[in-house]
Amino acid sequence: MPSLKDLKNRIESVKNTRKITKAMQMVAAAKLRRAQDAAESARPYTERFNAVLGGLAASVGGSDSAPKLLSGTGSDQTHLLVVMTAERGLCGGFNSNIAKLARAKAEDLIAAGKTVKILTVGKKGRDAIKRDLGEHFIGHVDLTEVKRIGYENAQDIARDLLARFDNGEFDVATIFYAKFQNVVTQIPTAQQIIPAAFDAAEDEGATTLYDYEPSEEAILADLLPRGVATQIFAALLENGASEQGARMSAMDNATRNAGEMIDKLTIEFNRSRQAVITNELIEIISGAEAL
Amino acid sequence: MAQTMQFDLVSPERALASLQATSVQIPGADGDMTAMPDHAPTITTLRPGVLTVEGPDGTASYAVTGGFAEINAEGTSVLAEKAIATADITAEDIDALIATAKDAADTAAAENKDAAAKNLADMEALRAALNV
């Protein structure tokens, strides 16, 4: 049976924890709004871009001269998995869910006899992946210093990917990130970015016939590398919003749990205190009776 | 009143402008072009340069780097990799862009050398045009 003093200390410490988790929750809520705004304002660009690129890809895609970024290298032996996670922990299952999806995919590919290479973005994912799949690990992009994800960060990653692709280091690249659904739901997602995969172009019936300047092929060759950066940027922003959302709900749970624990401990404390008082009374009464 | 069309300028990070315009001057990869209402549907890539929008409310101009412009019946939309209103642009911004372009030109592989050098030249022309 813990002493009264022990219980009191316990209650104090849980109260402090609750203060911290409450503060973290509020910080995450503020950051979530910013992250959502950023994702929101990036959406028009991504949507337009993909619409144009999709249209171009559909018209050029079939020909033999289609760029490698679109048609692939002709083999799918080497897969590059780009695993994007957060730089920080304490956000519930966010990081481990992404890592789990990536690990499952990697194991599938290895079982099918493919070569797997893994590039990580975000410290937490690196730590999780390195433990099990260390020998497939080829690089890491550090964004610890980046306060606000900008398009430049995505461009840097894309440049690295494209250089590796040009060197023939891999045939297929897939990115892993969490899609933001709402504060409590983030969906770990795998998306193939090289060769570019488009959702079946919506048939609107009357697609406008465009003049292309310079040629269709030249535009496509110019846009495809940018498309990689755009997709990575969109994924990074989604991930940022998801991370804050996950952290917010994790910290909300933690705060609630701490509250419950405090209630429980307080009841225990009051009971022990009452027991001590009762004991003292019995001692006094029996002492008086003995006289 | 002159005819107008919808004009949108978006960069990856945010939408910069969405307004009615009577004409838009676009620095296309194959040369400048001016889009006015009822222009034939066109898609063109951009080179670094100055984009000028004329509308009923006056003229606005933006320095843009790569990207593309889409002109169709609904209007003109420009998707620029980087776009800054010329009024807000500083010498440092341009110098940073030129430094990046120079870097790319120096390190580019043989087959990309020409494109990178052209990009650099365009950037320098942009600086001259802006006169900052």
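Derivation of every value follows stated rules applied to the coordinates shown; laboratory data play no part. Just so we're clear, the structure is a prediction, and the values are computed from it rather than from any experiment. Please note: Cβ atoms are built from the backbone with ideal geometry, for glycine as well, and neighbour counts cover all protein chains shown.
Go ahead and estimate [θ] at 222 nm for chain A from helices alone: -39,500 (n - 2.57) per DSSP H run with n ≥ 4, summed, over the residue count, rounded to 500. Before the final figure, lay out the partial values.
Details: 6 runs with 181 residues, N = 291.
Mean residue ellipticity, 222 nm, calculated: -22500 deg cm²/dmol.
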- line: In degrees rounded to 10, the 0-90 angle between helix B:91-107 Cα long axis and the longest Cα principal axis of chain B is 60
message: Restricting to bridges with both residues inside the protein assembly as shown, how much of the DSSP beta-bridge set is antiparallel, in percent to the nearest 5?
response: 65
task: Choose one answer from A:88, A:126, A:271: the residue with the largest mean-square fluctuation in a GNM of chain A with alpha-carbon springs under 10 Å.
output: A:271
- line: Surpassing 19 Å at the alpha-carbon level, of the pairs A:100/A:147; A:68/B:82; A:19/A:123; A:31/A:179; A:68/A:100, are A:100/A:147; A:68/B:82; A:19/A:123; A:68/A:100
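What list do you get for B:47, A:226 if you sort them by fewest beta carbons within 10 Å?
Working: B:47 23, A:226 20.
Lowest count first: A:226, B:47.
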task: Kindly provide the helix-only [θ] at 222 nm of chain B, computed as the sum of -39,500 (n - 2.57) over DSSP H runs of four or more divided by all residues, to the nearest 500 deg cm²/dmol?
output: -9000 deg cm²/dmol
field: Beta bridges by DSSP in the stretch B:5-85, antiparallel share as percent, to the nearest 5
entry: 90
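Write down the Kirkwood hydrodynamic radius of the protein assembly as shown, to one decimal in angstroms, obtained as one divided by the mean of 1/r over all alpha carbon pairs.
Values: mean 1/r = 0.0400 Å⁻¹.
After inverting the mean inverse Cα-Cα distance, the result is 25.0 Å.
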message: Need the C-alpha centroid separation for the stretch A:68-110 versus the stretch B:73-130, integer Å.
response: 33
message: Can you tell me the orientation of helix A:123-133 relative to chain A, as the angle in degrees between its alpha-carbon axis and the longest Cα principal axis, to the nearest 10?
response: 80
message: Compute the helix-to-body angle for A:94-111: its Cα long axis versus the longest principal axis of chain A, expressed 0 to 90° and rounded to tens.
response: 50
query: According to the Kirkwood expression over distinct Cα-Cα pairs, how big is the hydrodynamic radius of the stretch A:33-250, in Å?
result: 18.1
